[in-house]
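To start, the structure under review is shown below, and the notes come after it.
The values are calculated or read from the model by the stated rules, or taken from the named source; none is laboratory data. What you see is a predicted model, and the numbers here were worked out from it, not measured in a lab. Neighbour counts are summed over all protein chains in view; Cβ atoms, including those assigned to glycine, are modelled from backbone coordinates with ideal geometry.
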Amino acid sequence: MAAPGFRSGYVAICGYPNAGKSTFLNTVLHQRLGIVTPKPQTTRRKTLGIRSSEHSQMIFVDTPGILEPRYGLQAAMMKQVSQSIADADVLAYLVDLERPRMAPGVAAASRKKPVVVLLNKADLAGRPEKTLPLIDRLRTEGEFRDFLAISALKDRGIEAALACIESLLPEGPAFYPPDQLTEHPERFFVGELVREAVFDLFRDEVPYGTEVEVTGFTEKPGQKDVIEATVYVETESQKGIVIGKGGQAIKRLGQRARIAIEELLARPVFLSLKVKVMRNWRRDRRVLKRFGYKP
């Protein structure tokens, strides 16, 4: 039985690529769950994070950046966005103030459910009055509940945004125990952190042609956990780049990913990486299903 006035519900974090959605998720949770890189389309899978307090439970769902899909993987990503928007009680729509634009799907959803527009990277915008013309323009595109300037990276305006979102959630009991942060297993985040390291270390098309599959995860009390993962690429040339001369590139990849994984798990791990070619996997419905996507 929920206490009188307790609010709970799902909040879809949506926006175009590089709007700062995953950074916003990490900031509100005080925990790094969403992977973050300067490259667009880093987030491929929706990531759930739970923020509980004595007054509410806000279940945030970080979603891939909105785009016009060109192949199967991107189509599957956009299905996740559409489903998250449809299922959410509240939408938190992040706008990059350096590239402000409104997504038609979010504008349409605003006529059915509350949408809070978060003007992100406000620390780079200069004087606050510079955002007023933008708000006036965006206001004509939908029925939005509020416009709030924030900096997800600098943790500015976040509390005001959370208070606004909380007030829009329906009253009801919590869905999860108060100490639960996510519903994803550890191996989900391990794969994401390896992929984040790929995005950080490699350029051009290599990160976008890469998928990571965690093939082994053995916990050894008193010893290092043993984690095995396969990095799939689409071409032999990409495989050569990821391995590098004398295996130096994959060694750097493993070192960077291992540090991030140990920070997340708070325990030492042994990470073993392999690289395999799976041609055109981004366009292969069978392979996409194997990797957990729904094309």
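Looking only at the range 168-177, residues that are surrounded by fewer than 15 Cβ atoms within 10 Å (Cβ to Cβ) and hydroxyl-bearing (Ser, Thr, Tyr) come to 0 in all. All of (1) modelled with pLDDT of 95 or more; (2) over 20 Å from the mean Cα position of the chain (by Cα) hold for residue 117 with one exception: (2). Go through the residues of the range 137-149 one by one and say whether even a single one is basic (Lys, Arg) and exposed (fewer than 14 other Cβ atoms within 10 Å of the Cβ). Yes, some residue in the range 137-149 is basic (Lys, Arg) and exposed (fewer than 14 other Cβ atoms within 10 Å of the Cβ). Give the residue that is surrounded by the fewest Cβ atoms within 10 Å (Cβ to Cβ), with candidates limited to residues of the range 9-54 that are more than 14 Å from residue 94 (Cα to Cα) and in contact with a Phe, Trp or Tyr (Cβ under 6 Å, 6 or more places away or on another chain). Only one residue fits best here, namely 39.
Output the residues belonging to the range 99-111 that are in a loop (DSSP other than H, G, I, E, B) and within 20 Å of the chain's Cα centre (by Cα).
Let us first name the residues in the range 99-111 that are in a loop (DSSP other than H, G, I, E, B), namely 99-103, 110-111.
If the condition is that a residue be in a loop (DSSP other than H, G, I, E, B) and within 20 Å of the chain's Cα centre (by Cα), then 99, 100, 101, 102, 103 are the ones that fit.
Failed condition for residue 257, given (1) assigned by TED's automatic domain parsing to the domain that holds residue 277; (2) within 18 Å of the chain's Cα centre (by Cα); (3) without any contact (Cβ under 8 Å) to a residue 40 or more places away in the chain, with all others met? Condition not satisfied by residue 257: (3).
The test for being in contact with a strand residue (DSSP E or B) (Cβ under 6 Å, 6 or more places away or on another chain) and either β-branched (Val, Ile, Thr) or over 20 Å from residue 112 (Cα atoms) (or both) holds for residue 21.
When the residues of the range 212-229 are narrowed to those that are within 20 Å of residue 248 (Cα to Cα) and surrounded by 18 or more Cβ atoms within 10 Å (Cβ to Cβ), which ends up farthest from the chain's Cα centre (by Cα)? Outline the logic, then answer.
Keep residues of the range 212-229 that are within 20 Å of residue 248 (Cα to Cα), which gives 212, 227-229.
Narrowing the set further to residues that are surrounded by 18 or more Cβ atoms within 10 Å (Cβ to Cβ) leaves 212, 227, 229.
Working: 212: 16, 227: 23, 229: 21 Å.
Looking at the filtered set, the residue picked out is 227.
The helices (runs of 4 or more DSSP H) falling completely within the range 182-279 that include 3 or more residues that are closer than 18 Å to residue 36 by Cα map to 186-201, 248-265. Within the range 260-295, being in contact (Cβ under 8 Å) with a residue 40 or more places away in the chain, hydrophobic (A, V, I, L, M, F, W, C) and out of contact with any strand residue (DSSP E or B) (no Cβ under 8 Å at 6 or more places or on another chain) holds for 260, 264, 288.
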